[in-house]
1. If I go through segment 246-276 residue by residue, how many of them are surrounded by 15 or more Cβ atoms within 10 Å (Cβ to Cβ) and not hydrophobic (A, V, I, L, M, F, W, C)?
2. Among Arg152, Arg141, which is the only one that is touching a residue at least 40 places away in the same chain (Cβ under 8 Å), more than 30 Å from Leu68 (Cα to Cα) and crowded, with 20+ Cβ neighbours inside 10 Å?
3. If I ask for residues that are in a strand (DSSP E or B) and either more than 14 Å from the ligand (Cβ to nearest atom) or free of Cβ contacts under 8 Å to residues at least 24 places away in the same chain (or both), which ones from segment 30-48 would you list?
4. Going by the conditions given, is Leu27 touching a Phe, Trp or Tyr at 6+ places or on another chain (Cβ under 6 Å), modelled with pLDDT of 95 or more and not in a loop (DSSP other than H, G, I, E, B)?
5. Mind telling me which of the residues Lys305, Lys355 ends up being over 28 Å from Phe271 (Cβ atoms), charged (D, E, K, R), assigned by TED's automatic domain parsing to the domain that holds Glu388 and buried (at least 19 other Cβ atoms within 10 Å of the Cβ)?
6. Assuming Ala3 fulfils every condition listed in (1) of a type in the set (Gly, Ala, Ser); (2) at pLDDT below 95; (3) crowded, with 17+ Cβ neighbours inside 10 Å apart from one, which condition is it?
7. Among the residues of segment 103-122, count how many are touching a strand residue (DSSP E or B) at 6+ places or on another chain (Cβ under 9 Å), more than 16 Å from the ligand (Cβ to nearest atom) and not hydrophobic (A, V, I, L, M, F, W, C).
8. Within segment 434-507, which strands (runs of 3 or more DSSP E) (wholly inside it) include 2 or more residues that are closer than 25 Å to Thr269 by Cβ?
Amino acid sequence: MTAHEATTAARAVIDLDVPGDVISRHLYGHFAEHLGRCIYGGFWVGEDSPIPNVRGIRSDVVEALRALGIPNLRWPGGCFADDYHWRDGIGPRESRPTMVNTHWGDVVENNHFGTHEFMDLCDLLDADAYVNGNVGSGTVREMSEWVEYLTRDGDSPMARLRRENGRDEPWRVPFWGIGNEAWGCGGNMTAQQYALEARRYGTYCRNHGGNELYRIAAGASDDDVAWTRALMESLGCLTCGSNPTPVFQGVSFHYYSHAGGGINTESATSFSEEEFYGTMRKALDVERVIRRHEAVMDSYDPDRKVGLILDEWGTWWNVEPGTNPGFLFQQNTVRDALVASVHFDAFHRHAGRLKMANIAQTLNVLQAMILTDDSGAMVLTPTYHVFEMNRGHHDATALAAHVQSAPVVGGDVPGLSVSASTRDDAALVSLSNLSVDEPLEVRIDLRGRGASVRRARVLTGEDAAAHNTPETPDAVAPVALETSLEAGVLSVTLPPHAFATVELDLA
Ligand code: AHR
């Protein structure tokens, strides 16, 4: 064994018989904005496209996302949501008005993908709809009528309009966003100003028939807990106990990762060791940010009636050379996969308060699952594989996983990240080796129940910048991982910069 191949070691403990909070499948949620080639040229190719599609929606993309068990899809933005007027996106496509997408590339939006197309997409995906309404440039009436159009049965003005446009039955819409980034592109409001708007808008987003809305107030950037406090204060008060006014049920925040230089400033595929570790540091820091928001929410709402929602997260690199800077198209490497895996470990640990998270974004934008091009090629990214390998955590019960000892890498980054969950006499263990160049021997003491390994897989690449292209679609794809399990101790050796899952059967 050469010096480079020498392994470092880590030890962990998992209590298989101490169940924690349920990990909502919605922590594996998605986000699709009218931005670059996410909707147009991504999901939507149009009915006349030579690319196989169902009613204009690309079939291979739907199939790939169904394999992830995609739980929900947020739409139409993002910043676009506060510019979007839903009535422009209904009725015969050829007569829909156009608009300019001023946020994203200044391109003309033809509104061919609107409410009916989005709900059709959700049906094809078998995903819950998360519709984000317009506070910044909309009205309370406009938002209220959109809810009615989507969800009201029987005879009403909006239900009649929906029927005129070819849809008899109302749709089920569980999640509703009250604006987006109201501190910035969503209206440049103060926290107090927005909190009042959120109460007003939330009031008029009605539950029609059996459709119960989970309304989500637009939240903070990163760890701006003053914003969260203003929203919580608007629902109750510090001494009122846990009885929040039910005008919204969730409070969001957004958190993007980069290598240390800020979003939109660094290359997705060309980075130094230092930048690799800077990225891991930033990704791991999401847990501190979650804790800070939780602390504020706990003091106003100790019974955890209000959910914390991270409805935008992921890496934000420079666009790929030669692509439209307003389209946010970036490659996706093993480094991105590890950003995803450490986020999920933190999500699992905070599942008691964190109820939904949406990666930005599903297709062709920022940290995407899938990259497509107009020739019909489709590439699954390393991040896609993390979502697939972690699918067993959906709606499972978190298990306590303690790292007893692990090397510190890159100066101050913990070399091992781990989380676990259980369901139906099975468990899933997720492990990330955050060393860019050292393998890691991991020994996990599985306590409380007998276990045997059903399957173990590992995801890595030649180096941390490895990624998939139409020519090399499987450069980064999961392969079998060797394990041993003796006297309750699970042992695996993780290659450098690797993510692994071990599926266990429990006795
Ligand atoms: O995901 C891209 C953009 O990032 C969203 O439109 C906005 O909400 C955020 O600033």
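The values are calculated or read from the model by the stated rules, or taken from the named source; none is laboratory data. Keep in mind the model is a prediction, meaning the values are calculated, not measured. Cβ sites come from the backbone with ideal geometry, for glycine too, and all protein chains shown count toward neighbours.
1. Summing the residues that are surrounded by 15 or more Cβ atoms within 10 Å (Cβ to Cβ) and not hydrophobic (A, V, I, L, M, F, W, C) in segment 246-276 gives 13.
2. Values: Arg141 fails: crowded, with 20+ Cβ neighbours inside 10 Å.
One residue alone meets the criteria, Arg152.
3. Just the residues of segment 30-48 that are in a strand (DSSP E or B), to begin with: 30-31, 40, 44.
Of everything in segment 30-48, those that are in a strand (DSSP E or B) and either more than 14 Å from the ligand (Cβ to nearest atom) or free of Cβ contacts under 8 Å to residues at least 24 places away in the same chain (or both) turn out to be Tyr40, Trp44.
4. Answer is yes for this residue.
5. Values: Lys305 fails: buried (at least 19 other Cβ atoms within 10 Å of the Cβ).
Among Lys305, Lys355, only Lys355 is over 28 Å from Phe271 (Cβ atoms), charged (D, E, K, R), assigned by TED's automatic domain parsing to the domain that holds Glu388 and buried (at least 19 other Cβ atoms within 10 Å of the Cβ).
6. Exception for Ala3: condition (3).
7. 6
8. 451-459, 498-506
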